[in-house]
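Coordinate-derived values only; no laboratory data. This structure is a prediction, so every number in the text was calculated from the model and none was measured. Note that each Cβ is placed from the backbone with ideal geometry, even for glycine, and that neighbours are counted across all protein chains shown.
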């Protein structure tokens, strides 16, 4: 999922000290206009020219590692370790009376944002202590997602603006525009639904964008659809909202009581407490909690392909797992992610799927040929098909791509075999996927910027002889089978997709 809020790529903290000391716990409280405040804590200690401490912003937790400067200005460098990556972030601050004036720049060239911090009680905002993880064991398979899940997710289009009304209207659209009949079932709420704090009993709460989650779930179910929600094994989600850390069983029971059918569980804040090689145990805790909840809930692991997740996700009852970083609505991002999935084919199968992230089809960053490639490639990969566009007013070409029954049938084939790259020459690739009943799906991709005439022999594709039948899944028609092989024109950044059989 994409999270741009306070994701700071480089960090140098410049301090104009004046007569006041930086020592203290400072908090910036940003009104999120949903009944919650996003708090950034700067817990600093100044000893002459030396400044130490920590900065906690959304899912990031930095340690001030260096300081330099004189009585009027300091430069502090703060870093955090994120797996194998060291992250750095940038603030400029100065003390004026009882306030800490904060200037932050998200990345080079971005506008500067001014904020004001006030003193907070000592200890407020401190990162929670580590909770020891359980010994590893296998969580039983939940029996769900025997074909890749299909539905919609709020993040790519709505991000933090998603609310109850939007989810209801998307459910209305899916129920009436042909997507439900095509197989799109899950209506998934991503980050930013949580309240500012838990209640007195420790139960997770919603913010004012979602006044009654049970009522919303009932509404979605009333449309013949299912509903999903989002959380994190850390104390915070990616956008800085309440995570499930230390409340796994409690949250799972709450989701079950609300009627939730799908959980996306995003690593984010957990990386400040646990190492990557501890992921399995952290995800196992929620796998166990979902199993005890009394409700069938699809379990989606979102940790960006780290720690070879495909090797252990089924053991925590994961139904799908992210194999990559966040997708963007560009050809380069989609192609890089999709065409890099070949080595993972052997790990996919009924109930357990590689997830190269949500669909960007219809969000405007690619043309229709590129979106057809996006859909074709995800179908060949047996990937979850989670639309990420606004489904309330969809142009016909976009709807035709999303609801192509022939292509969806490849994605949903019950054999559950992920395609493999079988032939490659220059910018042309051919992938083959084995299907139920001995048929095969053949996808010819042109990654080049110009149309290409492609000829590939059947023997090059591992076939001893020509198939008897071939159907073009985008043109929706049978095509002549030439004895020697496939010959056709493939548009720039486009795809030709065939279903071939010898029966």
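To the nearest 0.05, how large is the calculated FRET efficiency for residue 176 and residue 479 if R₀ is 35 Å and r is the Cβ-Cβ distance?
Details: r = 34 Å, r/R0 = 0.96.
Efficiency for this residue pair is about 0.55.
If r is the Cβ-Cβ distance from residue 199 to residue 113 and R0 is 35 Å, what FRET efficiency results, to the nearest 0.05?
Numbers: r = 32 Å, r/R0 = 0.92.
The calculated FRET efficiency here is 0.60.
Subtract the Cα-Cα distance of residue 472 and residue 33 from 0.36 nm times their separation in residues, and report this length gain in nm to one decimal. Provide the component values of the computation, followed by the final result.
On the way: separation 439, 0.36 × 439 = 158.04 nm, distance 4.94 nm.
Gain on extension, residue 472 to residue 33, equals 153.1 nm.
How large is Rg/Rh for segment 259-367, to two decimals, with Cα atoms and a Kirkwood Rh?
On the way: Rg = 14.7 Å, Rh = 14.9 Å.
Expressed as Rg/Rh, it is 0.99.
Using only C-alpha atoms and all pairs of different ones, pull out the Kirkwood radius for segment 129-268 in Å with one decimal. Intermediate values should be presented prior to the final figure.
On the way: mean 1/r = 0.0628 Å⁻¹.
After inverting the pairwise mean of 1/r, the radius is 15.9 Å.
Percent of Cα-Cα pairs more than 26 Å apart in segment 150-411, please. Walk me through the numbers before you get to the answer.
On the way: 12697 of 34191 pairs.
Within segment 150-411, distances greater than 26 Å cover 37 percent of Cα pairs.
Compare the peptides 183-193, 156-166 by average per-residue count of other Cβ atoms within 10 angstrom and give them in order, highest first.
Values: 183-193: 24.9, 156-166: 18.5.
Listed from highest to lowest mean packing, they are 183-193, 156-166.
Need the full-extension length gain, residue 503 to residue 98, defined as separation in residues times 0.36 nm minus the C-alpha distance. One decimal, nm. Each step should come with its number before you reach the end.
Values: separation 405, 0.36 × 405 = 145.80 nm, distance 8.05 nm.
So the extension gain works out to 137.8 nm.
What distance in nm separates the two pseudo spin-label positions at residue 66 and residue 130, each 7 Å out from Cα along the beta-carbon direction?
Each label point is offset 7 Å from its Cα along the Cβ direction, giving 2.7 nm.
Could you give P(r) for segment 110-170, binned at 5 Å from zero, as whole percent values over all Cα-Cα pairs?
Taking every Cα pair in segment 110-170, the percentages come to 3, 8, 9, 7, 9, 14, 19, 15, 7, 7, 1.
Have a look at the DSSP beta bridges in segment 150-411 and tell me what percent are antiparallel, nearest 5. Don't skip to the answer; put the middle values down first.
Details: 3 of 26 bridges.
So the antiparallel bridges amount to about 10 percent of the total.
Dividing the convex hull volume of the alpha carbon atoms of segment 444-484 by its residue count, what do you get in Å³ per residue?
Values: hull volume 3.8 nm³, N = 41.
Enclosed volume per residue, from the Cα hull, is 93 Å³.
From the Cα gyration tensor of segment 422-501, with a ≥ b ≥ c the square roots of its eigenvalues, which class applies: rounded if a/c is under 1.5, or else prolate if a/b is larger than b/c, or else oblate? Let's see the in-between values first.
Working: a/c = 1.69, a/b = 1.45, b/c = 1.16.
The shape class here is prolate.
Would you mind ranking 28, 93 so that the residue whose beta carbon has the fewest other beta carbons within 10 Å leads the list? Mind showing how you got there, number by number?
Numbers: 28 21, 93 24.
Lowest to highest Cβ neighbour count: 28, 93.
To check you understand DSSP bridge types, tell me what percent of the beta bridges within the chain (both residues inside) are antiparallel, rounded to 5. Working shown, then result.
Details: 82 of 108 bridges.
Beta bridges within the chain, antiparallel portion: roughly 75 percent.
Sort 400, 34, 261 so that the residue with the fewest other Cβ atoms within 10 Å of its own Cβ comes first and the one with the most comes last.
Values: 400 14, 34 21, 261 26.
So the residues, fewest neighbours to most, are 400, 34, 261.
Sort 472-480, 139-147, 268-276 for me by packing, meaning the mean count of neighbouring Cβ atoms within 10 Å per residue, highest on top.
The most tightly packed comes first, giving 268-276, 139-147, 472-480.
Neighbour counts of other C-beta atoms within 10 Å: give me 428, 79 arranged from fewest to most. Before the final figure, lay out each step's value.
Details: 428 18, 79 15.
Final ranking by Cβ density, sparse to dense: 79, 428.
Looking at segment 319-388, I'd like the Rg to Rh ratio, where Rg is from alpha-carbon atoms and Rh is Kirkwood's inverse mean 1/r. Display every interim value, and only then the final one.
Values: Rg = 11.4 Å, Rh = 12.1 Å.
Expressed as Rg/Rh, it is 0.94.
Which of the following values of volume of the Cα convex hull per residue in Å³ was calculated from the structure shown: (i) 142; (ii) 153; (iii) 183?
(ii)
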